[in-house]
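Here's the structure, in structure tokens; my notes come after.
Any read-out appearing in this document is the output of simple, stated calculations on the displayed coordinates, not a laboratory observation. Just so it is clear, the structure is predicted and the values come from calculations on it, not from any experiment. As a convention, Cβ positions derive from the backbone with ideal geometry for all residues, glycine included, and neighbour counts pool all protein chains shown.
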Amino acid sequence: MIDGGKGVIAFQGVPGAYSDLACRSAYPGWSTLPCASFEAAMEAVRESRADLAMLPCENSLAGRVPDIHRMLPDSGLFVVGEHYQRVEHCLLAHKGATLEGLKRAHSHPVALGQVLNLLRERKLQPVIEADTAGAAKQLAEAHSLEDAAIASSLAGEIYGLEILLRNVEDAAHNTTRFYVMARQPRMPPVGAPDSVTTFVFRVRNIPAALYKALGGFATNGVNMTKLESYMLDGHFTATQFLCDVDGHPEHPPLKRALEELAFFSRELSILGTYPAHPYRLGQAATQAAE
């Protein structure tokens, strides 16, 4: 948690979505606010109907969430934290349903693609729905013993469904990373250990600009953990980059690297500096030991 108080945290989806689960895991005791879209979740924070927004930015299997990268720079919000949520798919059904009697499995297409072994072994027909929790909600209203939903255990609890099988995902490392957004930055002290800084930039239109812009991170020993590029306004020549790096902007190595980056960039904007999540630190320690 960012602080010890209780508040409201917004997410995209219906109650029981994995984003809802992430909110409850990261901020126990807070009220969660379901929103129809990522933009609506951000708007809830801007309008003070929510204190924070929990927005997925990447998944270890599905990759990045493109809409989030596009929206962040112009959102007017700041990244004040990160959260990693293990995705544990459950096979949900009505009370009285059996594995042998199931014929169809409903869920978001990404989730269905993550349970291919289950679908094949149980000979279940995949049915695409808008989201995982929405599939559970629709199933609860349908009262069919031949249909199941692939969703979180939280969705099963909320919509009164039984868990026939847990952890049905094909890959055990299925994890989603979230940005936690707020109206104001909450930068940790300069001396705080294990900080992460997120920023966006556009390089100047000169030869080898990207190579020169990023060179300062290597020469100053700054670890870059994320570098994503995406087009702006549909123009192939207008590319923006989103980066995560280890460190605080006022740490001398990162400060020098950002100064060098600014020299070769048309635009540079720091979206936030925040404490590294324990999951990130654990992965880094594991990789260092290998």
Completion exercise
From the cross-link list K95/K137; K103/K137; K6/K95; K226/K255; K6/K137, the entries with a Cα-Cα span beyond 26 Å are K6/K95; K6/K137
Problem - the chain - percent relative contact order, Cα under 8 Å, separation 6 or more - result: 21
Problem - Modelled FRET efficiency - R0 35 Å, E141 with Y279, Cβ distances, 0.05 increments - result: 0.50
Practice task
For the chain, set up a Gaussian network in which alpha carbons nearer than 10 Å are linked by springs, and say which option among A209, A149, A136 fluctuates the most.
Solution key: A209
Problem - Length-normalised contact order for the stretch 195-289 - Cα pairs under 8 Å, 6+ apart - percent - result: 44
Problem - Nitroxide proxy distance, nm - points 7 Å out along Cα→Cβ at R64 and E39 - result: 2.0
Problem - J(HN,Hα) series, the stretch 175-182, from Karplus relation 6.51 cos²θ - 1.76 cosθ + 1.60, nearest Hz, glycine and proline x - result: 9, 10, 9, 10, 8, 9, 10, 9
Fill in the blank from the handout: Residue separation between I128 and H173 times 0.36 nm, minus their alpha-carbon distance, gives in nm 13.9 nm
Practice task
Set the Förster distance to 25 Å, then compute FRET efficiency between R46 and K6 from the Cβ-Cβ distance, nearest 0.05.
Solution key: 0.75
Fill in the blank from the handout: Karplus ³J(HN,Hα) for the stretch 201-209 (6.51 cos²θ - 1.76 cosθ + 1.60, θ = phi - 60°; Hz, whole; x = Gly/Pro) runs 8, 10, 7, 5, 7, 9, x, 6, 4
Practice task
In Å³ and rounded to a whole number, note down the convex hull volume per residue for the Cα atoms of the stretch 90-165.
Solution key: 69
Handout entry: Residue among M42, M54, M71 with the largest mean-square fluctuation in a Gaussian network model of the chain, springs linking Cα atoms under 10 Å
Key = M71
Exercise for the section: First measure r as the distance between the Cβ atoms of E157 and A192, then evaluate 1/(1 + (r/R0)^6) with R0 = 41 Å and state the FRET efficiency to the nearest 0.05. Expected result: 0.65
Fill in the blank from the handout: The alpha-carbon center of the stretch 29-50 and that of the stretch 93-115 are separated, in whole Å, by 30
Problem - DSSP bridge orientation in the chain - percent antiparallel, rounded to nearest 5 - result: 75
Exercise for the section: Would you tally the net charge around A192, using a Cβ to Cβ cut-off of less than 12 Å, leaving A192 out, and scoring K and R as +1, D and E as -1? Expected result: -1
Problem - Rounded to 10°, Cα long-axis angle of helix 132-142 versus longest principal axis of the chain - result: 20
Handout entry: Added length on full extension, which subtracts the Cα-Cα distance from 0.36 nm per residue, R266 to R120
Key = 47.5 nm
Fill in the blank from the handout: Residues meeting the amide H criterion for R266 (H placed from the backbone, H to H distance under 5 Å, 5 or more places apart or on another chain) are R202, V203, R204
Practice task
Determine which aspartates and glutamates satisfy two conditions relative to K123: a Cα distance under 15 Å, and not lying fewer than 8 residues away in the same chain.
Solution key: E100, E146, D147
Handout entry: Selected from I158, I68, I150 as most flexible by GNM, with the chain as the system and alpha-carbon contacts under 10 Å
Key = I158
Completion exercise
About its Cα centre, the stretch 145-290 carries a charge dipole, from +1 on Lys and Arg Cβ atoms and -1 on Asp and Glu Cβ atoms, whose size in debye to the nearest 20 is 860
Exercise for the section: Report, by chain and number, residues whose modeled amide H sits under 5 Å from the one on A50, excluding near sequence neighbours (fewer than 5 apart, same chain). Expected result: V45
Exercise for the section: Collect residues whose amide H, placed 1.01 Å from N in the peptide plane, falls under 5 Å from the amide H of E58; neighbours closer than 5 in sequence don't count. Expected result: V65, R177
Problem - Over the chain: helical MRE at 222 nm, DSSP H runs n ≥ 4 each giving -39500 (n - 2.57), nearest 500 - result: -8500 deg cm²/dmol
Handout entry: Normalised convex hull volume, the chain, alpha-carbon set, Å³ per residue
Key = 150
Handout entry: Charge tally in the Cβ shell below 14 Å around L242, where Lys, Arg are +1 and Asp, Glu are -1, L242 excluded
Key = -2
